[in-house]
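Peer 1: Take this structure first; my questions come after.
The values are calculated or read from the model by the stated rules, or taken from the named source; none is laboratory data. All values derive from a computational prediction rather than experimental measurement. Cβ coordinates were reconstructed from backbone atoms using ideal geometry, including for glycine residues, and neighbour counts include every protein chain displayed. All accessible areas refer to the heavy atoms of the entire protein, side chains included, with ligands and DNA or RNA removed. Shrake-Rupley method; radii C 1.70, N 1.55, O 1.52, S 1.80 Å.
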Amino acid sequence: MYFICFFLRSYLPLLISLGFLISLVGLRILSTGTFFYTFLIWNLFLAILPYAITQTALFYDSTKIRKSIKVIVFTLWLLLLPNAPYLITDIIHLHNPHSDWLWFDLFMVFAFACNGLVLYVLSLSDAVELLRPSIPKKWIPMTILVICILNGYGIYLGRFLRFNSWDIVFRPKYLVSQILDSLTSPYVYLMTLAFGLFLSIIFALFRWFKQ
């Protein structure tokens, strides 16, 4: 009971926000009878996972965790992190014939995208705190930028090449071949830099506002 109260107290604003998003999808289902936008809830769940990982890592004393475990957890987190800002790209579904409530659908997708960015920023902020003891202070900004650029490419892999985070386990050869093929396209670099720099700017604004 104490843990539940502590959890609700610590994450109440986030839980309210997530509940609001789910209620938007539920209201749309009740009003239209179509389940088209339920995929947003699944995408939101995937966006929560990296934040859940970093919050769990902060909860435990990282000094007592073996380095090999830290590397595995960090790799898993890095693979899942693009799922949070990926919600931005769901705006493409507004072109779908099922999206006939244009303004409501636009607002709903926008709300999901905003929460995706918030989860991304929160998780990356946690990661910076976790990495701080292992990385010289002067390398922190460059590390953040590299992570953001990698996430920009991760968004490209998800939206344009239609890969999922778990494809690195289930379809590694095909994933690698598609990655190598994509590196010959200027469009890949354009979208990767656009997404990556945007994410780094959003994170910088968050840290500026926090200070």
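Peer 1: Using Cα-Cα distances under 8 Å and only pairs 6 or more residues apart, what relative contact order does the chain have, in percent?
Peer 2: 21
Peer 1: Something else now. With a 10 Å radius around each residue's Cβ, average the other Cβ atoms per peptide and rank 12-21, 71-80, highest first.
Peer 2: Most protected by this proxy first, the peptides run 71-80, 12-21.
Peer 1: Need the C-alpha centroid separation for the range 80-158 versus the range 1-59, integer Å.
Peer 2: 16
Peer 1: Can you work out the accessible area per residue across the range 101-169, with the rest of the protein chains kept in place, probe 1.4 Å, in square angstrom?
Peer 2: 50
Peer 1: Given an 8 Å cut-off on Cα distances and at least 6 residues of separation, report the relative contact order of the range 59-140 as a percent.
Peer 2: 30 percent.
Peer 1: Could you tell me the number of lysine pairs in the chain with C-alpha atoms less than 24 Å from each other, where the two lysines are 8 or more residues apart or belong to different chains?
Peer 2: The number of close lysine pairs in the chain is 7.
Peer 1: What is the magnitude of the charge dipole of the range 9-102 about its Cα centre, with +1 placed on the Cβ of each Lys and Arg, -1 on the Cβ of each Asp and Glu, and no other charges, expressed in debye to the nearest 20?
Peer 2: Computed about the Cα centre, the dipole is about 520 debye.
Peer 1: Just tell me, in residue order, which DSSP H segments of the chain are both 18 angstrom or longer along the helix axis (alpha-carbon based) and at least -0.5 in mean Kyte-Doolittle hydropathy.
Peer 2: 2-32, 39-59, 67-80, 102-131, 140-159, 186-210
Peer 1: Run the dipole for the chain about the Cα centre, Lys and Arg Cβ at +1, Asp and Glu Cβ at -1, nothing else charged, and hand back the magnitude in debye, nearest 20.
Peer 2: Here the chain has a charge dipole of around 760 debye.
Peer 1: Ok, one more. Using the Kirkwood radius over C-alpha pairs as Rh, can you work out the diffusion coefficient of the chain via Stokes-Einstein at 4 °C, viscosity 1.567 mPa s, in µm² per second?
Peer 2: It comes out at roughly 70 µm²/s.
Peer 1: Where a ≥ b ≥ c are the square roots of the eigenvalues of the C-alpha gyration tensor, would you call the range 95-211 rounded, which needs a/c under 1.5, or, failing that, prolate if a/b is larger than b/c, or oblate?
Peer 2: oblate
Peer 1: Using only DSSP helix segments of four residues or longer, with each worth -39500 (n - 2.57), what per-residue ellipticity at 222 nm results for the chain after dividing by its residue count and rounding to 500?
Peer 2: After summing the helix terms and dividing by the residues of the chain, the value is -25500 deg cm²/dmol.
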